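*Asks:* One structure coming up, written as structure tokens, with questions to follow.
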Amino acid sequence: MSFAGKVAVITGGGSGMGQAWARRLAAQGATVAILDVNEAGMAETAGSESRIKPYKLDITDADAVARVFADIEANLGPVDRVANAAAIMPFGRLLEEDPKLTTKVMAINYGGLVNVATASLPNMIARGSGDFVSFSSMTGIVPGLLMGAYASSKAAVQFYTEILYHENRNSGLRFCCVCPPAVKTALWQQAEATVVPKLPSKGETLTPDMVIDDIERCLDRGKLFAYPGKQTRMGVVMRRLFPGLIWRVSHDAEGF
């Protein structure tokens, strides 16, 4: 699907998946609004590309999110695609983690998605077209030790997006919830700065472009979920059929 002349909004546009997708869409001729608290990162994303428009925004602030989307629609035009790439990913044992950090993960990874959906989707539904992409994670399907806060937030993203799709399945919009394994981005480096669970670190690691390609296929085929990578698809099956085995492997890997 060509995005020349269209408008896309990407949260977390200052790094990682958001940065990669913003650059790709701008290169295709789209106007891309990127939302992030990281102004330096957004400046790096935009570079000399005039089609990328940075908006400093804390997506946990629902009122601020609504104002930014109103500004985008008024100044850039109707939004054709929303991609929710903003996230944080600290790891560690749940009872050793500051509860303020645990709830912050949920506020950004899940609450931010809710705020963006509420601000963007009514106008898209009224027009009867557009794409809405949620970034979940393989950890939202196959939970593991030391990943409690992040996995919980990504499981919430999956349920929210699935219900959102079914409540609006005849709206003309395309929905995709992508559940990738580890991806070579700054987000994974953020996790490595806390503690790296041994199980996901042993699995496959994808590039942002590989994940984006899978999302585009998901949208084109009218699928709700995208599972990039062979190990991801295998993990989905294992979780459904052998949940006990998944936990035994996780305990063996971590040693407790």
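What follows is calculated from the coordinates using simple rules that are stated; it is not laboratory data. Predicted, not measured: the structure shown is a model, and the values here were computed from it. No Cβ is skipped: glycine too gets one built from the backbone with ideal geometry, and neighbour counts run over all protein chains shown.
*Asks:* Taking the chain as the region of interest, what is the percent of Cα-Cα pairs per 5 angstrom bin, listed from the shortest bin to the one with the maximum distance?
*Replies:* The distribution over the chain is 1, 6, 14, 18, 20, 17, 11, 7, 4, 1, 0, given as percents.
*Asks:* Continuing with this model, one more query. Which trypsin sites (Lys or Arg not before Pro) in region 103-178 pass both tests, a DSSP loop state and at most 16 other beta-carbon atoms within 10 Å?
*Replies:* Here the sparse-neighbourhood loop sites are Arg169.
*Asks:* Still on this model: Could you tally the net charge around Val37, taking each other residue with its Cβ under 11 Å from the Cβ of Val37, Lys/Arg +1 and Asp/Glu -1?
*Replies:* Net of charged neighbours comes to -3.
*Asks:* While we're here: Helix-derived [θ] at 222 nm for the chain: sum -39500 (n - 2.57) over DSSP H runs of at least 4, divide by residue count, nearest 500?
*Replies:* Rounded to the nearest 500, it is -15000 deg cm²/dmol.
*Asks:* So, one more: Kindly express, to the nearest 10 degrees and within the range 0 to 90, the angle between helix 16-27's C-alpha long axis and the longest C-alpha principal axis of the chain.
*Replies:* 30
*Asks:* Cα-Cα pairs above 16 Å in region 146-190: how many percent?
*Replies:* 51
*Asks:* Using the Karplus equation 6.51 cos²θ - 1.76 cosθ + 1.60 (θ = phi - 60°), what ³J(HN,Hα) coupling, rounded to whole Hz, does each residue of region 124-130 give in order, writing x for Gly and Pro?
*Replies:* Along region 124-130, the couplings run 5, 5, 4, 7, x, 7, x Hz.
*Asks:* Could I ask something else about it? Ordered by residue, what ³J(HN,Hα) values in Hz, to whole numbers, does region 239-256 give under the Karplus form 6.51 cos²θ - 1.76 cosθ + 1.60, where θ = phi - 60° and Gly and Pro are x?
*Replies:* The phi angles translate into 4, 6, 8, 9, x, x, 5, 4, 5, 5, 5, 5, 5, 4, 5, 8, x, 8 Hz.
*Asks:* For a Förster distance of 30 Å, can you work out the FRET efficiency between the beta-carbons of Arg233 and Leu101, rounded to the nearest 0.05?
*Replies:* With R0 = 30 Å, the Cβ-Cβ based efficiency is 0.45.
*Asks:* How large is ³J(HN,Hα) for each residue in region 46-52, as worked out from phi by the Karplus curve 6.51 cos²θ - 1.76 cosθ + 1.60 (θ = phi - 60°), to whole Hz, x for Gly and Pro?
*Replies:* 5, x, 9, 7, 6, 6, 9
*Asks:* Taking amide hydrogens as modeled 1.01 Å from N in the peptide plane, which residues meet the under 5 Å criterion relative to Arg174, leaving out close sequence neighbours?
*Replies:* Here Gly130, Asp131, Phe132 satisfy the definition.
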